[in-house]
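Written out below as structure tokens is the structure these notes cover.
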Amino acid sequence: MSDNNEFEPKIIAYVCNWCTYLGADLAGTNRLEYPTNVRIIRLPCTGRIDFNLIVKAFEMGADTVLVSGCHPGDCHYTSGNYHARRRWMLFRGLLDTMGIDMERIHFTWISAAEGAKFQKVITEITEKTKQLGPYEAYRKVCKVS
Amino acid sequence: MDIGYYPGCALHGSSNDYEMSVRACLEVLGVQLREVDDWICCGATAAHSLNQKLAVALPARNLALAECQGMQDLLAPCPMCSMELIKANQAISADAKLKKEMAEIVELKVEGKVSVLNLIQIFQQVGLDRIKELAVKSLDEFKPACYYGCLLTRPPEALQFDDCEQPSSMETLLEGLGAAPIDWNYKTECCGAGMTMSNEDTVLDLSHKILTNAADHGANCLVVACPMCHVNLDMKQADIDRRYNVQHDMVVYYLSDLVGFALGLDEQRLGVNRHFVAKH
Amino acid sequence: MARIGVFTCWCGENIARNVDVEKVAEAIGKLPHVRCSVAYKYMCSDPGQAIMREKIVSEGLTGVVVASCSPHMHLKTFRKAAESEGLNPYVVEMANIREHCSWVHHNKEDATRKAIDLVRMSVAKVLRNHALDPIRVPVTKRALVIGGGVAGIQAALDIADAGHEVVLVERDPSIGGKMAGLSETFPTLDCSQCILTPRMVDVGQHPNIKLHTYSEVEAVDGYLGNFKVTIRKKARYVDMDKCTGCGICWNACPSKKNLSEFDFGMGTRKAIYVPFPQAVPARPVIDANACIKLTKDKCGLCEKKCPAGAINFDDQDELITEEIGAVVVATGYKLYDIGKEQQNDKLAGYGEYGYGKYKDVIDSLQFERIVSASGPTVGEIQRPSDGKEPKSVVFISCVGSRDNAKGVSYCSKICCMYNAKHTMLYKHKVHDGQAHVFYMDIRAGGKNYDEFVRRAIEQDGAQYHRGRVSKITEENGKLIVRGVDTLAGVPVTVEADLVVLAAAMRPADGVEQLAQKLNVGYDEFGFLSESHPKLRPIETNAAGVFVCGACQGPKDIPESVAQASAAAGKVMMMFSRKELTREPEVACVNEQNCAACFACARACPFNAIEQAEIRDRNGNLVKRTARVNPGLCMGCGTCVAICPSKSVDLEGFTEQQIYAQVESLV
């Protein structure tokens, strides 16, 4: 945490290798600055992501989880991102019912050319999470069980 | 056969001859017409030019009345009316919110389930074979140019009736009754529609072209299924003649007139003697 | 016992400026299982790689993490280096502390803390990496080319010239496709047959090309490098070995009035026929529906007269199988059906143009046949109705294309060019004629294309009207074309003798069924889907199946030829090795656990998951299971996420690896 004891969110981002990961690379190449809170986990495709990974992230202390992949129609594996999207629609309901704060989960499309969008998304999410505060509620539930 | 009947403003007004023709003809064919009680104007061009909701509400009221009065099929001999009724039907059936809204506006429940038919479709329902059975005369002296105008077949997605570029339903019917309809090029070209008063020049020009082309292709009469077209082609023919210094001499019949002739009805009964251009 | 080596790179100043590299190396060195943790200025350089290799040997490393740039830059570099020291390349991972850290964060303290997290994640992951071997797939070095138009011909010749066997299957009696029927081609006005027929002959004579004409692909089994293709050779009723192509049979045949497919209905042919004189093979076929012997058991003149005894009325379709390693699809196109009959509900006819009603309203391919010197009118431009020379011809663009209301939405690409060409060909033959073109836009983007169109307008006097045509009717033998000129702002009526409709290019009939046999995707219009529209326009999502030419999308001859050579290149890449090797980061099913629900098989975009049976020694069924074909799996992991029992996992991105990465961040 930083010196003035300000809350520093922990953000875990599951990104796809072909679009968002490269978009983040591009943000780097263009030296676009953004907050240091995010930790990127590289996956071949957002289709690889299931419910458990998101829940695990919260369990391990994430205050916000981001899932980001290719725009519809652009998936390197044709339809992986569609599966992810459809899964996401189902999960939303489930996670919501479970009581998970939906403002702490984000799903975006960021292409390999959208370095600036990556910077913007990370910055906005970090800001938002700072306002929401640490996600103590989830960890409390975990400790109880 | 028992069907609902929506005459519309034209048939009760200046195109009363069309109503006479339709009623006389269908009576012989055994079709009982039950006029919608307390019907109102369908809105025609005026409504849909000004307000989308009004354009649905006016026909919706009529559809609701028809439904309440237990009608499943509804004959609207004027294509403008039938088109507005069909479009309202489709809009209401497809949009639950709109259906509710219309029910509130027209103060009646409306389902959008009534089947709206035009004049040609009624004859198709009766069936050519049945009409031939009841026919007493052949129409072989008639070489009609069948004129569909704008609204009988368009918009194609909504009406789904006949081919909108090369329609042939009238020809099929009339051929079956012994007539020899000609092939010509102005079947679906506009006659000027409702601009009879407001833009007379356009009407005269367009209708003149229609009458000319019909004659050029060997027609000895014109057949229409729309009261507006009839007014422009028949009532205004004298003005057209004067303007273009010609003498068209082209009798304009309603489809029900010719079917009526085949069934043995006379001009008086069918209201044909009230047309402006008479047969020589 | 895991022994991980971590190598943190300064990358000159790129990383070191904003990340305290030495601190990272020190912190990571304290983690369990990390045997050595060093920092160096340039890990990717020769000395940098040498350090890594030295440590692999001296420390007996079982896994390596390089903390430097993006894996997209140098993962392959470091994996190769590790492999050269005998360490399995797949136990090498990278932590991206440059693009994702030093280049985007300027607070050194925060950036260093983040870098340590990122490296720690990679160490946690690599502890669970498996040593993997590349997947080896044998490859049959024979290619199948489906379609014998210019694209198929080009692909077949390229592959055959490279020394590999090609099986070329063509549905028509002769190869040549649409190009064989064209008159002249833009922008050079080359005679189409003159430039194509030598290629056709090459195909017919090539020792490496096995040509099956009048044949279709019936079934495709197998996978990349190992296809088994069943081909139906339709009954020709002519013995190809005996027939000499002398022509006595078709001269004798009394069944004359059959519409010629090659002439698009503008001319006729006999029941026994060669579609055009330069056909390859130059042997006739009998149209069973037009043949008097085959339909009524009378005549048989051809059989009586044939000096070689080559006619065989008892001929049957024959099914053959070919072993194939790679497939190239080049099935070409057809034109939009302008008449009222359409093949599906979404497309409607253009009754307003009178096609089918008026004989003198024809489409562009029909016009090509009229203009062609070897066509039904021997190159004289004549009206189909009365054979007279038309003095006024109207060409209408965009018939069926760019039409969201009742046609297809896309642009047919070639019509602007061939319309200009048609006006020129017309003018060159009818000097006192006038050509009119009704257009929406002019698309002439190729080399010398725009100049070509300008030439049609400026030199050959074609009149271009920017607007659409609303209706075509006929008066006194003339076609009255009513349109508009939007630039002048007036309606335009042209009295034409002939109207030519530039109908949209569409995929050939039956392509969707063929695509399903090959597991190739297709779009809503039936065009075959490429893997990636920009970077992989020739490959499909079915490994080993490539597309080229108009079947992938509307295009002209130069593009079709270029794509065909590209497809051939892809095939030759496949054939250039003894075996195909693929990255082993593929999915794998735990067959004991698998409940055989096959959700994975349904989700897989590449059809890489099979339904397999496990049987005991006596052949009894023990269980069913999903099984990943490592030859086809592309490693996306969709199956892993969808599996309800977590019975399938993805090498390189296993459940354990990912959880470990997340857990390391606590």
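What value in Å³ per residue do you get for the convex hull of the alpha-carbon atoms in segment B:135-274?
Hull volume over Cα atoms, normalised by residue count, gives 106 Å³.
Please state the charge dipole magnitude for the protein assembly as shown, taken about the Cα centre, from unit charges on C-beta atoms (+1 on K and R, -1 on D and E), reported in debye and rounded to the nearest 20. If you can, show how the numbers build up before the last one.
Details: 122 positive and 134 negative charges, 664 e Å.
Value, rounded to 20: 3180 debye.
Can you find, among C:A279, C:S364, C:S401, the residue farthest towards the positive end of the dipole of segment C:261-411? Put +1 on the C-beta of Lys and Arg, -1 on that of Asp and Glu.
Going by the charge dipole, the pick is C:S364.
Taking the Cα centre of chain C as origin and charging only Cβ (+1 Lys, Arg; -1 Asp, Glu), how large is the dipole, in debye to the nearest 20?
Charge dipole of chain C: 300 debye, to the nearest 20.
Once phi is turned into θ = phi - 60°, what whole-Hz ³J(HN,Hα) does the Karplus curve with 6.51, -1.76 and 1.60 give for every residue of segment A:108-121, x standing for Gly and Pro?
Each residue's phi maps through the Karplus curve to give 9, 10, 10, 8, 4, 8, 9, x, 5, 5, 4, 4, 5, 4 Hz.
Using 1/(1 + (r/R0)^6) with R0 = 45 angstrom and r between the beta carbons of C:K304 and C:K388, what's the FRET efficiency to the nearest 0.05?
Working: r = 41 Å, r/R0 = 0.91.
Between C:K304 and C:K388 the formula returns 0.65.
Which of the aspartates and glutamates could be linked to C:K413 by a straight reach, that is with a Cα gap under 17 Å, when you skip same-chain ones fewer than 8 residues away?
C:D363, C:D403, C:D441, C:D450, C:E451, C:D556, C:E559
Which order results if C:H74, C:H105, B:H280 are arranged by neighbouring Cβ count within 10 Å, fewest first?
B:H280, C:H74, C:H105
Restricting attention to the alpha-carbon atoms of segment C:59-198, what are Rg (one decimal) and Dmax (integer), both in Å?
27.4, 75
So in the protein assembly as shown, what percent of DSSP beta bridges are antiparallel if you round to the nearest 5?
So the antiparallel bridges amount to about 40 percent of the total.
Of B:L74, B:P167, B:C146, which is farthest along the charge dipole of chain B in the positive direction, counting Lys and Arg as +1 and Asp and Glu as -1 at C-beta?
B:L74
At a 10 Å Cβ-Cβ cut-off, how would you order C:E59, A:E8, fewest neighbours first?
Ranked by crowding around the Cβ, least crowded first: C:E59, A:E8.
Please give the charge dipole size of chain B, origin at the Cα centre, charges +1 on K and R Cβ atoms and -1 on D and E Cβ atoms. Round to the nearest 20 debye.
Charge dipole, chain B, about its Cα centre: 380 debye, nearest 20.
So if the hydrodynamic radius of chain B is defined as the Kirkwood radius over C-alpha pairs, what does Stokes-Einstein give as its diffusion coefficient at 4 °C and 1.567 mPa s, in µm² per second?
After rounding, the answer is 68 µm²/s.
Taking the simple approach of a point 7 Å from Cα along Cα-to-Cβ for both C:R3 and C:D239, what is their distance in nm?
With each label placed 7 Å out from Cα toward Cβ, I get 7.7 nm.
Estimate the FRET efficiency between C:T295 and C:S374 by the formula 1/(1 + (r/R0)^6), using the beta-carbon distance for r and 41 Å for R0, to the nearest 0.05.
Computed FRET efficiency for C:T295 and C:S374: 0.90.
Would you mind checking segment C:204-244 for residues with the amide N under 15 Å from a putative spin-label position 7 Å along Cα→C-beta of C:T321?
C:218-223, C:226-232
Most mobile of A:Y21, A:Y34, A:Y77 per a Gaussian network model of chain A (Cα springs, under 10 Å)?
A:Y77
Would you mind telling me which residue in A:S79, A:S111, A:S68 has the biggest mean-square fluctuation in a Gaussian network model of chain A, where springs connect alpha carbons within a distance under 10 angstrom?
A:S79
Under 5 Å between amide H atoms, partner at least 5 residues away or on a different chain: which partners does C:D20 have, H built in plane at 1.01 Å?
C:T112
Please quote Rg/Rh for segment C:235-316 to two decimal places, taking the Kirkwood radius as Rh and restricting both calculations to Cα atoms.
Ratio value, two decimals: 0.93.
All other residues with a Cβ under 11 Å from the Cβ of C:E93 taken together, and with Lys, Arg as +1 and Asp, Glu as -1, what is their net charge?
+4
Convex hull volume of the Cα atoms in segment C:537-666, per residue, in Å³? List each step's numbers first, then the result.
On the way: hull volume 23.1 nm³, N = 130.
In segment C:537-666, the Cα hull volume divided by residue count equals 177 Å³.
How large is log10 of I(q)/I(0) for segment C:461-560 at q = 0.10, 0.15, 0.19, 0.21 Å⁻¹ when the intensity is taken from the Debye formula with one equal scatterer per alpha-carbon?
The Cα Debye sum returns log10 ratios of -0.50, -0.73, -0.86, -0.98.
What per residue convex hull volume, in Å³, do the alpha-carbon atoms of segment C:587-650 yield?
74 Å³
For segment C:279-305 and segment B:212-231, write down the distance between their C-alpha centroids in whole Å.
A separation of 53 Å, based on Cα centres.
Once the Cβ-Cβ distance between B:D239 and C:S470 is put in as r, and R0 is 30 Å, what FRET efficiency do you end up with, to the nearest 0.05?
It comes out at approximately 0.65.
Across peptide C:106-113, how many C-beta atoms of other chains are within 10 Å of each residue C-beta, on average?
What the average comes to for C:106-113 is 3.
Per residue of segment C:532-544, what does 6.51 cos²θ - 1.76 cosθ + 1.60 with θ = phi - 60° give for ³J(HN,Hα)? Whole Hz please, x for Gly and Pro, Karplus curve as stated.
Values, residue by residue: 8, x, 8, 9, 9, x, 10, 7, 10, 6, 9, 4, x Hz.
Using a 7 Å offset from Cα along Cα-Cβ at C:A282, what residues in segment C:233-250 end up with backbone N under 17 Å from the label point?
Hits in segment C:233-250 for C:A282 at 17 Å: C:240-250.
Taking every alpha carbon pair in chain C, what does the distance histogram look like in 20 angstrom bins from 0, in percent?
All Cα pairs considered, the percentages come to 16, 36, 29, 16, 3.
What are the principal axis extents of the Cα atoms in segment C:346-494, in Å, biggest first?
Reported extents, whole Å, longest axis first: 38, 38, 30.
For every other residue with a beta carbon closer than 13 angstrom to the beta carbon of B:D183, add +1 if it is Lys or Arg and -1 if Asp or Glu, then tell me the sum.
Details: positive: B:K143, B:K187, C:K357; negative: B:E171, B:E175, B:D216, C:E474, C:E475.
After counting each charged neighbour, the total is -2.
Determine the equivalent ellipsoid of segment C:319-394 by diagonalising the alpha-carbon gyration tensor, then write out the semi-axes as square roots of 5 times the eigenvalues, largest first, rounded to whole Å. Could the numbers behind the result be given before it?
Working: eigenvalues 225, 91, 19 Å².
The equivalent ellipsoid of segment C:319-394 has semi-axes of 34, 21, 10 Å.
Give me the Kirkwood hydrodynamic radius of segment C:150-217, using the inverse of the mean 1/r over all pairs of distinct Cα atoms, in Å to one decimal.
One over the average 1/r among Cα pairs gives 12.4 Å for segment C:150-217.
Report, to two decimal places, the Cα Rg of the protein assembly as shown normalised by 2.2 N^0.38 Å (N = number of residues).
1.20
Could you line up A:F51, C:F367, C:F546 from fewest to most neighbouring Cβ atoms inside 10 Å?
Ordered from fewest to most neighbouring Cβ atoms within 10 Å, A:F51, C:F367, C:F546 come out as A:F51, C:F367, C:F546.
Could you give the length gained by full extension between C:K30 and C:K357, i.e. 0.36 nm per residue of separation minus their alpha carbon distance, to one decimal place?
Gain in length upon complete extension: 109.0 nm.
Which links in C:K334/C:K555; C:K125/C:K646; C:K178/C:K427; C:K270/C:K357; C:K242/C:K298; B:K137/B:K209 stretch past 21 Å when you go from one Cα to the other?
Check vs 21 Å cut-off fails for C:K178/C:K427; C:K270/C:K357; C:K242/C:K298; B:K137/B:K209.
Would you mind telling me the antiparallel percentage of the DSSP bridges in chain C, rounded to 5?
50 percent
I need the Kirkwood Rh of segment C:4-126: take the reciprocal of the average 1/r across all distinct C-alpha pairs and report it in angstrom.
13.7 Å
Subtracting the Cα-Cα distance from 0.36 nm times the residue separation, let me have the gained length for C:M73 to C:L487 in nm, one decimal. Intermediate results must be reported in sequence, preceding the final value.
Numbers: separation 414, 0.36 × 414 = 149.04 nm, distance 5.36 nm.
So the chain would gain 143.7 nm between C:M73 and C:L487.
In vacuum, with every alpha carbon of segment A:11-138 counted as one equal point scatterer, what does the Debye formula give for log10 I(q)/I(0) at q = 0.14, 0.16 Å⁻¹? Two decimals, please.
Computed log10 I(q)/I(0) values: -0.57, -0.75.
Rounded, prolate or oblate for segment A:19-71? Axes are the square roots of the Cα gyration tensor eigenvalues, ordered a ≥ b ≥ c, and the cut-off for rounded is a/c under 1.5.
Working: a/c = 3.18, a/b = 1.40, b/c = 2.28.
Taking the square roots of the gyration eigenvalues as a ≥ b ≥ c, segment A:19-71 is oblate.
Taken together, the values in this text are just the output of simple stated rules run on the coordinates, not laboratory data. Fair warning: this is a prediction, and the values are worked out from it, not measured in the lab. Cβ sites come from the backbone with ideal geometry, for glycine too, and all protein chains shown count toward neighbours.
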